[in-house]
Every structure is written in structure tokens, then in C-alpha cells.
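Data first, discussion second: the structure below is written as C-alpha cells.
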Amino acid sequence: MKKILLLGILLIIVGCSKQEDIKDCEIPNLSNDEYVLSLIDDLVSKVDNNGLAFAYLDVNSNLYYGYHDKDIYYAASTIKLVNALYIYSLARDNKLNLNTYIDNKTVKELVSKMILVSDNEAHLKLIDYLGVDNLRQFGKTLGAVNILVGDKYGKINADEGIIYLKELYNFLKVDDIYSQELYNLFLNADENYNPIEGVNFLHKYGHYGVYFNDLAIYDIENPYLVAYLSKDGYDDYGMKIREFYELLNDFHRKYWEYRENYCH
């Protein structure tokens, strides 16, 4: 009986020790981890990378990967994400009234059209009202250098796409009417090619000529941001971006399975 009791105590001590080891285990930065790098190599080998640039950021662990992420593309309607974010930032800071009329529409109505159906006229009215230089300065303050270069849509690289998405994500973390309205706009924006069911997918696409781009937030348990820039505008871009999102989601899932079992 004493032997059994002592064995039980020993097992409890060993079990607690293992639990403490797991609890105290610090997961290092895995950006140079051999297994994670193999996952990235596998992802890149499978995507249709002809003319493609993309960047990925895992929000919780800050893992970043960029593929040709400094290559410059025409931004097209992805600039509307920045425009809407700038407007709602001003509104939150009491520097702009969303019910102000521009012609026969309120600022809020124009932002809604600009995001939900990517209305170009709404974008141009808003940017003229706010001032091109002001929106450009907003982007530069965030760290972008290609914003509104050339025209009122400008240029972008994948790294800048992540910069914009990070700012949007942080804006949406504040629980107020401004974040709620903006969240719902991006959640219901058109040209949604997300193939993953049952997730909240916020995005803004851009399409002009050869360029087809998408800036997206996967608002899931372990959220991630993705900037997708392509030259598939004359090709079957819908099929290609759906395939890309499936591959990226598979990478993200495997990465988090690895993280969660790292200390076991």
C-alpha cells in the first residue's frame, strides 16, 4: 500500500514538473525555424507565381513572409481601403463628420459605395474633398512610400499592403461605432474570392488592366493578414486567387499546429 502511495506521489510530481516545463516554455521566433521554412518553401512551390507578389503576417506571433514584396504594382482600387481607413480615423478623432454632404451624398454613404461595390466616382469625390496630399501624408505616416504615386490610385508593393492592413486591424480592435461600421463594410465588400467556409474574411480588391490585387484580413482564432498582388487581370484571376488562399490557409494551419505542439 505504501509503495502504491509513493508511486502515485512520484507520478504527480513528475506530471506537475512536465506541466511546469510546458507552461514555462518560451516559443522563440520561428521565422528561421527549419520546419517553418520548409512550409514556406512548399507554399511557394505550389502557387502560380508568374507575376505574383504577396506578403503574409500572422498577427499573434508576428511571423512575416514576403515573396517579391518590394516589387511595385499599380494599386488600383486597393487604395480605397486606405481612403476609408483615413476617413474613419478622422471621424473617430472628431475631425470629420461622416454625415457631411458632398453633392447629394453623405461621406458615410460615399465610403459605403466605395468599399461595397468599389465605386470609383465615390472614391474620387472623397479624395478631392479630403485632399490628395492629406491622404498621401496619411499613408507616408504609416510607412508607405508608393501611395498615390502617378494618379489618384497610385502604386503599392506587398509590404505596403501589410502596413495598411495592420493599421486597419488595429483600428478595428477598438470596440466603437466606427470600427463596427468599417468592419461590416470590408466583410461585405464585393469580388470576394475567399474559399474558406465559416470564417470572417475582410478585404478590398483592386483590378485594372493586367493587375488584380487583394488586401485581406482573416479574422479567425489566430488571425492573419495577406497582401496579394498579381498580373492576372486578363486571366482567370478568380480561380487563381482562390487556389492561393487555400494554399495559404493550409500553410497557416500547419504553422499553428507546429507552434501549439512546440513545447510538448
Checklist entry - Hey, H203 hits all of (1) buried (at least 19 other Cβ atoms within 10 Å of the Cβ); (2) over 19 Å from A53 (Cα atoms); (3) without any contact (Cβ under 8 Å) to a residue 24 or more places away in the chain but one; which does it fall short on? => result (2)
Next on the checklist: Being in contact (Cβ under 8 Å) with a residue 60 or more places away in the chain and more than 20 Å from the chain's Cα centre (by Cα) is the requirement here; does I72 meet it?
Outcome noted: no
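Check S77, S112 and return the single one that is of a type in the set (G, A, S) and either touching an Asp or Glu at 6+ places or on another chain (Cβ under 8 Å) or surrounded by 21 or more Cβ atoms within 10 Å (Cβ to Cβ) (or both).
Testing whether each residue is of a type in the set (G, A, S) and either touching an Asp or Glu at 6+ places or on another chain (Cβ under 8 Å) or surrounded by 21 or more Cβ atoms within 10 Å (Cβ to Cβ) (or both) leaves just S77.
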Checklist entry - If you go through the stretch 150-164, how many residues are within 20 Å of Y228 (Cβ to Cβ) and either free of Cβ contacts under 8 Å to residues at least 60 places away in the same chain or of a type outside the set (F, W, Y) (or both)? => result 10
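So, in the stretch 217-264, of the ones that are of a type outside the set (V, I, T) and part of a strand (DSSP E or B), which residue ends up surrounded by the fewest Cβ atoms within 10 Å (Cβ to Cβ)? Can you show your working first?
Looking only at the stretch 217-264, we keep the residues that are of a type outside the set (V, I, T), and these are 218-219, 221-225, 227-240, 242-264.
Among the residues that remain, those that are also part of a strand (DSSP E or B) are: 218-219, 224-225, 227-230.
Working: Y218: 23, D219: 18, Y224: 24, L225: 24, A227: 27, Y228: 28, L229: 31, S230: 24.
Per the stated criteria, the residue is D219.
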Next on the checklist: Within the stretch 97-113, take every residue that is within 22 Å of I147 (Cα to Cα) and aliphatic (A, V, I, L, M) and give me the one that is nearest to the chain's Cα centre (by Cα).
Outcome noted: V111
Checklist outcome for this item: Scanning the stretch 80-120 residue by residue, those under 23 Å from N192 (Cα atoms), free of Cβ contacts under 8 Å to residues at least 12 places away in the same chain and outside any helix (DSSP H, G or I) turn out to be D119
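Readers should treat all values here as calculations from the given coordinates under stated rules, not as data from a laboratory. Just so we're clear, the structure is a prediction, and the values are computed from it rather than from any experiment. We place every Cβ from the backbone using ideal geometry, glycine too, and count neighbours over all the protein chains shown.
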